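Everything on this sheet refers to the single structure shown next.
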Amino acid sequence: LNKQLLTICCACDKTYLKYFTYLHKSILINYPNCNIILRYVDDDLSLCDSIDSRVHIIHDKTPLSNKRNILCRGVDDGHPRMKELSLRSRFMSERSCYCAHSKFLNAKQLLDEDYENILIMDVDAIVRKDLSSLVDIIRNCDFTIRSKKRKNDRIVNKNYPIFKEGVMGINNTPGSKMFFTKVYNEICNIRDTDMYDFDTDSLAIGKVFFEN
């Protein structure tokens with residue numbers, strides 16, 4: 001892979017693999033001159049046989065439970081999941097949480113491997129237009145992401161921003177390497193506590209950003 005090109009990376013298990021195919025097609029239509037990397041979290045790699053050979057697949061065999069027994073506390077009140085009437089919609093499996101948080105593992109590994117311009121995306125995202133202007137922004141910043149102010153402090157410090165980490169642009173700099181290493185380590189630390197849930201990554205990135 002050409003590490004100077006834009007590298008688009010996401011993660012999923014077999015239940016979300018169909019969404020990756022839509023994302024992949026949208027990238028090929030709108031910005032084909034890039035690297036595409038998928039972290040596939042599942043024991044069985046055979047379902048990936050139909051994926052374009054130009055996609056670099058990281059086969060992640062981390063043993064994870066599919067039982068939906070982890071309650072999302074809701075560090076972002078504005079997330080549609082938190083507006084559902086059914087409490088069941090807020091329960092996630094260990095595997096779902098791991099896939100969601102893997103965007104930070106991906107970022108850390110790509111930075112450590114010297115990829116220069118990185119775009120981390122949720123696997124169910126779609127690219128609708130040419131990304132050249134976004135690449136220019138990525139190259140001129142350490143870290144590019146949308147954010148908003150937190151409205152309450154029922155779960156975490158109100159001063160921690162709410163980041164929309166479903167799309168993150170990363171320029172490989174000493175600052176971005178330090179930042180994403182700290183966020184990933186914070187996620188790992190929380191994983192061993194009763195605060196661990198689907199939104200742990202949002203908690204970790206807000207904490208690292210505010211306290212550092």
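Return the total of residues in region 166-212 being of a type in the set (Lys, Arg) and modelled with pLDDT of 90 or more.
Here is the first cut: in region 166-212, the residues of a type in the set (Lys, Arg) are 177, 182, 191, 207.
Restricting the remaining residues to those that are modelled with pLDDT of 90 or more gives 177, 182.
Of the residues in that region, 2 qualify.
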Regarding residue 91, is this residue among the aromatic types (Phe, Trp, Tyr), at pLDDT 95 or above and open to solvent by less than 90 Å² (accessible area, probe 1.4 Å)?
no
So, restricting to helices (runs of 4 or more DSSP H) that lie completely within region 97-212, which ones have at least 3 residues that are touching a Leu at 6+ places or on another chain (Cβ under 7 Å)?
174-191
If I go through region 121-160 residue by residue, how many of them are surrounded by 15 or more Cβ atoms within 10 Å (Cβ to Cβ) and over 27 Å from residue 33 (Cβ atoms)?
4
For residue 181, work out the one condition from (1) open to solvent by less than 30 Å² (accessible area, probe 1.4 Å); (2) within 21 Å of residue 97 (Cα to Cα); (3) of a type outside the set (Phe, Trp, Tyr); (4) in contact (Cβ under 8 Å) with a residue 40 or more places away in the chain it doesn't fulfil.
(1)
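Do you know which residues across region 35-63 are in a loop (DSSP other than H, G, I, E, B) and open to solvent by 50 Å² or more (accessible area, probe 1.4 Å)? Let's see the steps before the verdict.
First, the residues of region 35-63 that are in a loop (DSSP other than H, G, I, E, B): 42-45, 49-55, 61-63.
Answer for region 35-63, where residues must be in a loop (DSSP other than H, G, I, E, B) and open to solvent by 50 Å² or more (accessible area, probe 1.4 Å): 43, 44, 45, 49, 50, 53, 54, 61, 63.
The values are calculated or read from the model by the stated rules, or taken from the named source; none is laboratory data. This one's a predicted model, so the numbers in the text were calculated from it and none came from an experiment. FYI the Cβ positions are ideal-geometry reconstructions off the backbone, even for glycines, and counts take in every protein chain you see. Just the protein is used for accessible areas: all its heavy atoms, side chains included, with ligands, DNA and RNA removed. Shrake-Rupley method; radii C 1.70, N 1.55, O 1.52, S 1.80 Å.
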